[in-house]
Amino acid sequence: MNFLRTQSLMRIADTLKVKLNGVLWKTQSNLNVVAGQGLTFSQVETKDTSTLTVGLSTDGSSRGYQGMFWSQVNQTAANTTTSYSVTFTNSASFNNGVSLVDNSKITFQHPGVYNIQISIQFVNTDSQIHDSTIWFRKNDSGTSGDIADSASQVSVPNKHGGVDGHLIFAVNVLDQLVAGDYYEVIWAVTNTNVSMQYLAGTTSPVSPNIPSIILTATQV
């Protein structure tokens, strides 16, 4: 966009009658436009004209903030009367604006609505079916931070034919967050033979390792 310096911006705004979402904007006011995620500005000056160029990145950085985290260790419950925070050992190199704090807190540096999704590899080493309950907790180490209506319960298959029972559990939630908010994944079991298992990949056929949990957080 070009601005003739022979006129004041105030006069130009009066002439344009700028509208935002169909509503007439204040015409005699300061215009403060700030570069953000994937948005850049450049300015070129000539004798009579100021040219402002607004650029949008093409490398995907304008799509929002995101993070991916996973665990390469087994996670067990010491008893059936205590809930536990799920922990993570790895973070993706492309994470942007979402980080891991204290091994369990998925922390958000920017406000917005985020989709938080988890996938858990459960194992049951007992001859009976047992249950696990999983839910989300926000900004608090106690139960007061538990997200209402966020819990799920799964029944993990029993050991059969000498082979442990396995189950993949997946769920996602949407939440509106402010800068500094953090999420934790909480779990509990009805029998300590149920745990979250990390499995090494196979060689025949070749397959990747299996994390005990994978979590993704994506701004929408």
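No lab work stands behind these numbers, since they all come straight from the coordinates. These figures come from a predicted structure and were not determined experimentally. Cβ coordinates were reconstructed from backbone atoms using ideal geometry, including for glycine residues, and neighbour counts include every protein chain displayed.
Taking the number of other C-beta atoms within 10 Å as the exposure measure, put 69, 136 in order starting with the fewest.
Numbers: 69 26, 136 22.
Going from sparsest to densest Cβ surroundings: 136, 69.
Report the local net charge at residue 167: Lys and Arg +1, Asp and Glu -1, summed over other residues whose C-beta lies under 14 Å from its C-beta. Walk me through the numbers before you get to the answer.
On the way: positive: 159; negative: 126, 131, 164.
Once all neighbours under 14 Å are counted, the net charge is -2.
Can you put 114, 84 in order, fewest other beta carbons within 10 Å first? Mind showing how you got there, number by number?
Working: 114 27, 84 18.
With the sparsest Cβ surroundings first, the list reads 84, 114.
Grab the Cα-Cα distance for residue 113 and residue 81, subtract it from 0.36 nm times how many residues apart they are, and report the gain in nm with one decimal. Don't skip to the end; give the middle numbers.
Details: separation 32, 0.36 × 32 = 11.52 nm, distance 3.34 nm.
Between residue 113 and residue 81, full extension yields an extra 8.2 nm.
Select from 79, 94, 120 the residue farthest towards the positive end of the dipole of the stretch 64-219; place +1 on Cβ of Lys and Arg, -1 on Cβ of Asp and Glu, and compute about the Cα centre.
94
Is the stretch 64-219 best put as rounded, prolate or oblate by its Cα gyration tensor, with a ≥ b ≥ c the root eigenvalues, rounded for a/c under 1.5, and otherwise prolate when a/b is larger than b/c, oblate when not?
The shape class here is oblate.
Applying 1/(1 + (r/R0)^6) with R0 = 30 Å to the Cβ-Cβ distance of residue 43 and residue 92, what FRET efficiency is obtained, to the nearest 0.05?
On the way: r = 36 Å, r/R0 = 1.19.
Computed FRET efficiency for residue 43 and residue 92 comes out at 0.25.
Scan around residue 159 for amide H atoms under 5 Å from its own, H built in the peptide plane at 1.01 Å from N, and keep only partners 5 or more places away or cross-chain.
When sequence neighbours closer than 5 places are left aside, the close amide H contacts are 126, 127, 128, 165.
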